[in-house]
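The values are calculated or read from the model by the stated rules, or taken from the named source; none is laboratory data. Just so we're clear, the structure is a prediction, and the values are computed from it rather than from any experiment. Every residue, glycine among them, receives a Cβ derived from its backbone with ideal geometry; neighbour counts consider all protein chains shown. For accessibility, only protein heavy atoms count, side chains too; no ligands or nucleic acids. Shrake-Rupley method; radii C 1.70, N 1.55, O 1.52, S 1.80 Å.
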Amino acid sequence: MRIRHKRLAVFLLAVLLISAPIALQVVASSISPPPHLAQHEYWPAAAGDMEVVPSGTLEELRDFETHLPIVVVEFFGKPRAPTVWSEEKGYREPVKYDPFADGFFYLYHNEEGDVNRLGGTPALQTNTRTRLRGNSSLSFAKQQYLIKMYNEDGTKNRQDLLGMGADWEWVLNISYVDKSLLRNYMCLNLGAKIMGYAPEVRYCEVFQKEGEQYKYLGVYLLMESVKQGESRVDIPDYDAHFAEASYLLCRDRFDENRTILDTYATREGLTPGYLAVRYPGVNEITERTVSYIEEDISRLEKALFSEDINEFLTYRDLIDMESAADYFIINEFFANYDAGFNSYYLYKSIGGKLKFGPVWDFDQAIDNNRPYILEIESTAMHDGAWFRQMLRDGEFVKLIINRYQELRQGVLSDAYLDQFIDDTIAFLGNAAVRDWNRWQYNDHEALYRDSPTGKVHETLLSNTRNFEEEIAHIKQVLKEHGAWLDNHIDSLYQFSVVEPGHRKETAADTVLTFLFGEGQVNWIAGILVIQMMVIFFVSITLIQREA
């Protein structure tokens, strides 16, 4: 007995020694900041003069410094929106003028991790063409920009900005209605951890150069746009010689500037909004390829909306179910319910399945979409396009539940999220103070005065009163909604009509059902398989004896 006990003790000790490093690594990963936060050693202390809105000449700004990269934009003209609202058509139609303004883009970034200052030689200076971007955000005082970079000869200037991969098209984005400065940064970073890719983002402070004056525009996210590319949505390049192609789609509002698809569900009024092709581009895609994509999506939609269970389950062969589950979970957990209707991306490589993503646009997530108040104790992504149909499949519901429970032990755990938020806010430091002083989010007179349209989004008028309250509100919502999902995510089974594990009926199944009845198929199929195996091995044995 003693020998047995000793062996058991040795065995348990070995298990402990093997598992301890793994456990420590899991704990460490659960509290570490995002990788591009950890590389910075400059964590600002109390504010002082750093809180002042830093606008003026280079001489007046000689003492200004920040640990964040500095972006300076210079426009020769006024960047404008590419569309304008049409009362007659009921949607935004393309403008008849060029919305882009020529200009320059300057990036000041000390790669040694030290502070950044204006003046001197920038890390990058390039010619640009810039326009406004967004939909509802076009009416915000703090505007967002799409920036295209060019060489002096007019060719595209592809640059790797802040380690995000080389490209010539970039976005300066941070929503005016997200007073936390956090939502897109957090959700896109976590989206990448969960799904493998999401547009990369970096905080920066932005100035607009007007002659000798530098006008402070606040904290922004310099980030990737959603497009095809090696450092973006990595699908093969388009070859117009062939009808079949890899493609990137987006469900959104109607846009005359895009290739709008005429698919089965759109024609039948079964889905909201419109599916538009983002890649291949409108100027390169052929009619044959448009037809190919429409047929591809229509085949999927006919399966999804079919009342015939066998036909319905063919959707599993067409959709990457894991990416669909991840997309559902991310947007449901962060209560980003616009995702089922707008800025809803999908992509496919030739020969592969349709994948969901990348995720995008979280500025109104986490209870930040007044006048609507988030119902903490509910789900809503089930109403997003295609999801109600996919949830009819209990196997898909099971996949969501298992994946959700896994993520709640890691990047979606309360501890991980709290640490991520705290690290990010500490990293922003005085930059967040400067941004709030610049935009006066709770000065209602200033909000109306600065609005391009004279209107102010209700979220700004009714939300939390200061930065600290907004961060606390985000933490509270995530904890409460997460706790409810922990106990009720299995309520998604209410939409199911197919039990988990149910498979498509094959031709052989049909014959067996006809001969023996529905309840006998599984065990009869098992007996047949065993018989075939016995026959196979007996045959091999006889052949060997004969030899």
Can you return the lysines within cross-link range of Lys142? Criterion is Cα-Cα under 17 Å, with same-chain partners fewer than 8 residues away left out. Lys78, Lys179, Lys209, Lys215, Lys455
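If you take the beta carbon distance between Ile260 and Glu480 as r and set R0 to 45 Å, what does 1/(1 + (r/R0)^6) give as a FRET efficiency, to the nearest 0.05?
In this case the efficiency is close to 0.70.
Please report the orientation-averaged projected area of the range 244-310, defined via the convex hull of its C-alpha atoms, in nm². Show your work: numbers first, answer last.
Details: hull surface 19.4 nm².
The number I arrive at for the range 244-310 is 4.8 nm².
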List, in order, the whole-Hz ³J(HN,Hα) value for each residue of the range 209-216 obtained from phi through the Karplus relation with A = 6.51, B = -1.76, C = 1.60 and θ = phi - 60°; use x for Gly and Pro. 8, 10, x, 8, 8, 10, 9, 6
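Among Phe312, Phe305, what's the order by accessible area (1.4 angstrom probe), most exposed first? Could the numbers behind the result be given before it?
Numbers: Phe312 0, Phe305 40 Å².
Largest accessible area first, the residues go Phe305, Phe312.
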With r as the distance between the Cβ atoms of Ser491 and Gln440 and R0 = 35 Å, compute the FRET efficiency 1/(1 + (r/R0)^6) and round to 0.05. 0.25
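Considering all projection directions equally, how large on average is the shadow of the alpha-carbon convex hull of the range 95-206, in square nanometres? Before the final figure, lay out each step's value.
Values: hull surface 36.8 nm².
So the Cα hull casts an average projection of 9.2 nm².
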Lys and Arg at +1, Asp and Glu at -1: neighbours of Arg232 with Cβ under 11 Å from its Cβ sum to -4
Determine the distance separating the Cα centre of the range 136-162 from the Cα centre of the range 288-340; give it in Å without decimals. 32
If I histogram all Cα-Cα distances within the range 373-439 using bins 5 Å wide from 0, what percent of pairs lands in each bin? 3, 13, 12, 14, 16, 13, 10, 9, 6, 3, 0
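Give me the 1.4 Å probe accessible area per residue for the range 208-339, excluding ligands and nucleic acids, in Å².
41
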Calculate, for Ile309 and Asp418, the FRET efficiency according to 1/(1 + (r/R0)^6) with r their C-beta to C-beta distance and R0 25 Å; round to the nearest 0.05. 0.05
Within straight cross-link reach of Lys302, meaning Cα distance under 24 Å, which lysines are found once same-chain residues fewer than 8 apart are removed? Lys348, Lys353, Lys355, Lys398, Lys504
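So for Tyr274, Tyr150, Tyr216, Tyr238, what's the accessible-area order with a 1.4 Å probe, most first? Please list the in-between numbers first.
On the way: Tyr274 90, Tyr150 55, Tyr216 0, Tyr238 35 Å².
Largest to smallest exposure gives the sequence Tyr274, Tyr150, Tyr238, Tyr216.
Top to bottom by accessible area (1.4 Å), largest first, where do Thr314, Thr128 land? The partial results should precede the final answer.
Numbers: Thr314 45, Thr128 5 Å².
Ranked list, largest accessible area first: Thr314, Thr128.
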Using a 1.4 Å probe, what is the accessible area per residue for the range 145-187, in Å²? 30
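Evaluate the range 221-348: find the radius of gyration of its Cα atoms, find its Kirkwood radius, and give the ratio Rg to Rh. Before the final figure, lay out each step's value.
Details: Rg = 15.1 Å, Rh = 15.8 Å.
Over the Cα atoms of the range 221-348, Rg/Rh equals 0.96.
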Amide N of the range 395-420 lying under 14 Å from the label point, which is placed 7 angstrom from the Cα of Lys193 along Cα→Cβ: 406-420
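For the range 407-478, what is the accessible area per residue in Å², given a 1.4 Å probe and the full set of protein chains?
Values: 3120 Å² over 72 residues.
Value for the range 407-478: 43 Å² per residue.
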Length gained, Asp383-Glu212, 0.36 nm per residue minus C-alpha separation, equals 56.3 nm
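Provide, as a two-decimal number, the C-alpha radius of gyration of the range 300-421 over 2.2 N^0.38 Å, N being how many residues it has. Walk me through the numbers before you get to the answer.
Values: Rg = 15.3 Å, N = 122, 2.2 N^0.38 = 13.7 Å.
Rounded to two decimals, the normalised Rg is 1.12.
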Linear extension gain, Tyr292 paired with Asp98, 0.36 nm per residue minus alpha-carbon span: 66.6 nm
